[in-house]
Amino acid sequence: MAGNELSLELYADAFRSLHPKLAHSLLFERIRQAKLLNEELSEHFRERISIEEQYIRALTKLAKKPISTAASNQNSHAPQSAQFKYNEQDEEQHQDAHGRVAKILQDQLTHSISSHENYHAQLQTQVEAALRKPLLQQQQQQAGAQQDEAEFRSTEEQTLKLVKSYEESEQKLNRSTQKLNSSSNNLRKIQSLQTRQYEDQLHFNHAKQTWGEHASHAFRVYQSVDKQRLMDLFETLTKFETIQADHSRQLMEIAERATISLLTFDIQENMQRFALINGSIADPSTTTTTTTTTATHPNGNQPEQQQQQQTTTTTTTTTTTEFPATT
């Protein structure tokens, strides 16, 4: 987290001079609001998890509905002759366009479901569960980060008692002082009020001293709890953003793989193969080449023909050779 290391006496220095009731009220309210925030955030993520659950169920239901038209169309054009056969290992390469599309979408759906299930599980175990922990039990496994709940409760109870004692002593002193200031000229009554006011002053001074001795420790405890809960909160939310970024990256990779599969599909080859298998076009892989050589001899004999067959493109070449006349 950004910022310099905080002084352990930050809250003590800031709130020591305030009235005990005001100081305690400010700090206690801050902790109370922190608990409420954690509860609201945990509910927020519970709803997000519920949305993920519904989405996963919807995707799973969709995955059970294959694109039957494309699947049946994939094998509908069987070769008419045994000479038109392709290796099984080239099946995907020569896959029917409709079947290829169906496979791409089905694979994308399957991987998307897996990614969403992983995202859903991480939200539950690493985000929602962390926010639902009691404020003082979060991150207890970290050395130096544990704030004992019993100590905090004890500090809180003692602080409340001292604040109450301070207030009561202060109120008694104020009342006795007011009575003394508004007393008549009755000397005996004045002396009695002075004695009462003096005793109340002693009680107030004691309460003030006790508060001063306890306040520094209480402020340090509140500061420790406040710091730890903020660290835990932002660590949990940072973890959530990391999980969400990884999930988005996985979905992007799934989409990229689907895009590559679509872009690498050879439309022209697919159309040619369809025409070859189902039409009457000669298979280029079985065509022959015939070469005819005709030699004309000067003695008038019939031409001799030589034929050669080659398994390349169909080409007919005729060569006529004139031999010179012999005497």
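Counting every C-alpha pair in segment 188-246, the share spaced more than 17 angstrom apart comes to 66%.
Would you mind checking the pairs K21/K208; K64/K239; K133/K164; K35/K239 and listing those with alpha carbons more than 24 angstrom apart? Write down the numbers at each step before the final one.
Numbers: K21/K208 12 Å; K64/K239 33 Å; K133/K164 31 Å; K35/K239 20 Å.
From the list (K21/K208; K64/K239; K133/K164; K35/K239), the Cα-Cα distance tops 24 Å for K64/K239; K133/K164.
Laboratory data are not the source of any read-out in this text; all were calculated from the coordinates shown. Keep in mind that this is a model prediction, so the values were computed, not measured.
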